[in-house]
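Step one of this worksheet: look at the structure below.
The values are calculated or read from the model by the stated rules, or taken from the named source; none is laboratory data. On a predicted model such as this, the values are computed, not experimentally measured, just so you know. Ideal geometry is used to build each Cβ from the backbone, glycine not excepted, and the neighbour counts take in all protein chains shown. Keep in mind that these areas ignore ligands, DNA and RNA; they rest on the heavy atoms of the full protein, side chains included. Shrake-Rupley method; radii C 1.70, N 1.55, O 1.52, S 1.80 Å.
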Amino acid sequence: MAAALIKFVQGATVGVAGQALFGATGTAVSVSNAVNTGIASWEIELLSSPAGSAVAPAVLAFSNNGSTPAAAFTPDVRGPYRMRLRVWEALSRSGDPTDTDIRCFGVKQVNGFYRPAPQIWPRPLPPVASGEPGAKADENNFGGQANGWAGNGADGLLDNLITTVLPTVIADGIATGSVKLAEVDATNLPDWTEVRVKSVRRRGYLDKSSTLTAAAGVVVAAVGGGRWILDGHPDRRFQEQTEWWFASTGSVEGSGASEATAINDLNELWRRIGYNSGNVTTTVTLYTAANLTETEQALLDLIIAAGNRPWRVVSGEMPFVPRLRFSAQNIDGQDNTTLTPGQEVDWTSIGSDAGVVASGTPGARPAYILVGEAGKLRGKSVVRYTSSIQDLVTGNLTTFAKPTWILSIVKVNAAGTRVWIDGNDGANRNAFIDSSGACIMYAGTSSGGIPGLPAMAKGDYHAIVGVFNGDRSLCQLDGVTGDVDVDSGDQALDGLSLGGVLSAAPLTDGDEVEIIVHDGNGSDTTQLNDWLEYHYGIFPQ
């Protein structure tokens with residue numbers, strides 16, 4: 001019986017009968033049949049050609065009484081040329097053809113990929129596996145592969161396109177997140193697979209031969225070998241951000257928008273906003289966990305120079321190591337891990353004087369409150385006083401040298417005179433007192449409200465910094481400096497009472513958040529206020 005099976009030849013490239021063939025433009029392609037036994041008439045037709053081709057679909061050649069099908073065409077543009085061969089055992093191509101073959105000749109695009117011809121009409125022939133009459137191998141069986149237009153993954157067809165040009169790995173994080181780039185199996189991914197890391201808004205690619213040393217946020221070791229290489233381009237969405245947090249405990253994956261999501265690499269900050277958009281002029285605040293090094297400052301200068309946004313650097317580094325530090329974030333000396341919210345407490349200092357505890361009588365002590373009020377203190381914990389009999393007192397300590405620095409963060413809700421910090425006896429006192437909304441420093445000489453300080457609003461948290469040094473004392477309330485010549489007295493502090501003094505005029509209906517006591521010179525109120533802002537926010541609040 002007569003059979004149709006197309007064979008392509010282009011120059012020195014000789015195709016296999018019954019297989020599609022890739023070739024080139026500008027060189028003639030001959031089309032013939034594999035075996036001509038029994039053929040009485042035949043027809044070779046170009047069913048479709050690429051857009052823009054001058055080789056129009058048409059019957060290229062036919063014979064009503066011949067047995068050797070043959071035709072030729074010259075592909076002029078890249079793309080698919082779909083060919084059909086029909087053979088008859090009868091003369092004059094009468095009746096239905098005895099057999100038909102459809103086969104494609106293709107010229108790949110410059111990038112090595114190929115779009116198959118539309119298989120609209122005529123429809124493709126039945127596949128061999130169907131067992132139907134006239135079944136043939138797929139018309140796009142380039143190289144003999146059996147997957148048709150899907151290809152074998154390396155021939156420029158669909159599978160090759162998907163795995164080479166289109167593959168994109170989406171990772172929530174480089175080393176954190178539910179989809180970690182560091183854990184993505186790249187064994188079967190091709191070179192140049194694109195990666196998009198959402199946490200840092202960054203793109204990159206897979207280099208399967210790279211042995212670069214892994215570096216946070218730049219090079220990530222790929223599972224299965226090679227490296228993920230991340231780009232260094234800034235992301236304009238970051239450029240609108242006006243607050244940045246930089247901390248040694250942060251991560252390059254952090255948004256930098258809060259203390260909890262700080263970044264720890266100024267190079268990453270430069271990567272994100274180094275080419276600052278020129279139309280954004282809002283002041284940027286950079287909260288740093290420590291003073292910037294010379295190198296870090298130089299990098300920050302480059303960031304500033306790249307745009308016109310003014311920058312304000314706020315350091316979270318305390319200007320001294322305090323002798324006493326009572327922090328509501330670490331009441332028990334173990335980061336509050338031994339405490340239950342609402343539990344009444346004694347208060348352990350985490351300053352340089354080891355083992356100092358401010359203690360009280362069970363049933364007459366303040367309580368640990370897990371989180372500060374919503375929107376205040378950046379969610380920090382507080383020690384809350386709700387009764388006039390609550391206070392905590394330390395034992396006697398080595399006398400603090402002058403000048404004596406005291407910092408206190410408090411909130412007072414009740415009206416009247418309230419002592420929130422004082423000495424532990426009546427003779428050696430350095431006190432902060434709220435009297436009808438006025439801040440008083442007291443160390444033996446009552447001076448009334450300190451001139452130049454703002455009023456202390458009830459229900460707000462306030463930060464007070466005092467330097468007790470006789471007639472050279474100084475007080476700041478919420479960063480505002482009062483009269484530096486006020487004489488608050490000259491008594492020597494040798495112990496501390498929190499929430500009152502000797503149970504007199506206690507702090508009632510209010511919170512204590514942080515108490516710091518330090519002796520000696522060389523301290524900086526500006527840096528101390530920066531430290532307060534970094535950890536707690538702007539006061540009052």
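Of note:
- The range 63-158: C-alpha gyration tensor shape, a/c 1.5 cut-off, then a/b vs b/c: oblate
- Stokes-Einstein translational diffusion, the range 175-299 - Kirkwood Rh over all Cα pairs, 0.692 mPa s, 37 °C, in µm²/s: 211
- Cα-based reach from Lys180 at 16 Å (exclusive), listing aspartates and glutamates while leaving out same-chain residues under 8 positions away: Asp172, Glu194, Glu253
- Cα centroid separation, the range 153-205 to the range 218-290 (Å): 22
- Residue order for His518, His535 - accessible surface, 1.4 angstrom probe, largest first: His535, His518
- Projected over every direction and averaged, the convex hull enclosing the alpha-carbon atoms of the range 268-353 yields 8.6 nm².
- Under the convention that each Lys and Arg Cβ holds +1 and each Asp and Glu Cβ holds -1, the size of the dipole of the range 199-287 around its Cα centre is about 340 debye.
- Considering every alpha-carbon pair of the range 1-114, the percent of pairs per 10 Å bin, from zero through the bin containing the longest distance, is 16, 47, 27, 9, 1.
- Anisotropy class of the range 348-406 from Cα gyration tensor, a/c 1.5 cut: oblate
- Highest-first arrangement of 524-534, 229-239, where packing means the average Cβ count within 10 Å: 524-534, 229-239
- Spin-label pair Ser30/Arg123, simplified geometry with 7 Å Cα→Cβ offset, distance in nm: 3.6
- Using θ = phi - 60° and Karplus 6.51 cos²θ - 1.76 cosθ + 1.60, couplings along the range 244-251 (whole Hz; Gly, Pro as x): 10, 10, 10, 8, 5, 9, x, 8
- Cα-Cα P(r), the range 126-173, percent of pairs per 10 Å interval: 27, 34, 23, 12, 5, 1
- Rolling a 1.4 Å probe over the protein chains gives Arg203 an accessible area of about 120 Å².
- Span from the the range 16-87 Cα centroid across to the the range 360-376 one, whole angstrom: 89
- Heavy-atom accessible area with a 1.4 Å probe sorts Glu259, Glu514, Glu183, largest first, into Glu183, Glu259, Glu514.
- Note on Ala154 and Tyr205: with the Förster distance fixed at 25 Å, the Cβ-Cβ geometry gives a FRET efficiency of about 0.85.
- Applied to the range 137-153, the Karplus parametrisation 6.51 cos²θ - 1.76 cosθ + 1.60 on θ = phi - 60° returns per-residue 3J(HN,Hα) values of 4, 3, 5, 9, 7, 4, x, x, 5, 9, 9, x, 5, 6, x, 9, x Hz, with x for Gly and Pro.
- With the simple model of a label 7 Å out from the Cα in the direction of the Cβ, Ser92 to Asn396 spans 13.4 nm.
- The order of the peptides 215-226, 66-77 by mean Cβ neighbours within 10 Å, most packed first, is 215-226, 66-77.
- Entries of Lys380/Lys402; Lys380/Lys411; Lys402/Lys458; Lys376/Lys411 with Cα pairs more than 22 Å apart: Lys380/Lys402; Lys402/Lys458
- Share of alpha-carbon pairs per 10 Å distance bin for the range 142-225, given as whole %: 18, 43, 24, 13, 3
- Ile389 accessible area, 1.4 Å probe, all protein chains in place, Å² to nearest 10: 100
- Against the set (i) 24.4; (ii) 30.2; (iii) 29.6, the structure's computed Kirkwood radius over Cα pairs in Å falls on (ii).
- Ranking by accessible area, most exposed first, for Trp192, Trp244 with a 1.4 Å probe: Trp192, Trp244
- Gain in span if fully extended, Val371 to Thr338, counting 0.36 nm per residue against the direct Cα distance: 10.3 nm
- The range 22-71 - convex hull of the alpha-carbon atoms, volume per residue in Å³: 87
- Efficiency of FRET between Thr187 and His233 - r from beta-carbon atoms, R0 30 angstrom, step 0.05: 0.60
- In the range 38-138, trypsin sites (Lys or Arg not before Pro) in a DSSP loop with at most 15 other beta-carbon atoms within 10 Å: none
- Computed on the chain, with alpha-carbon pairs under 8 angstrom and 6+ residues apart, the relative contact order is 9 percent.
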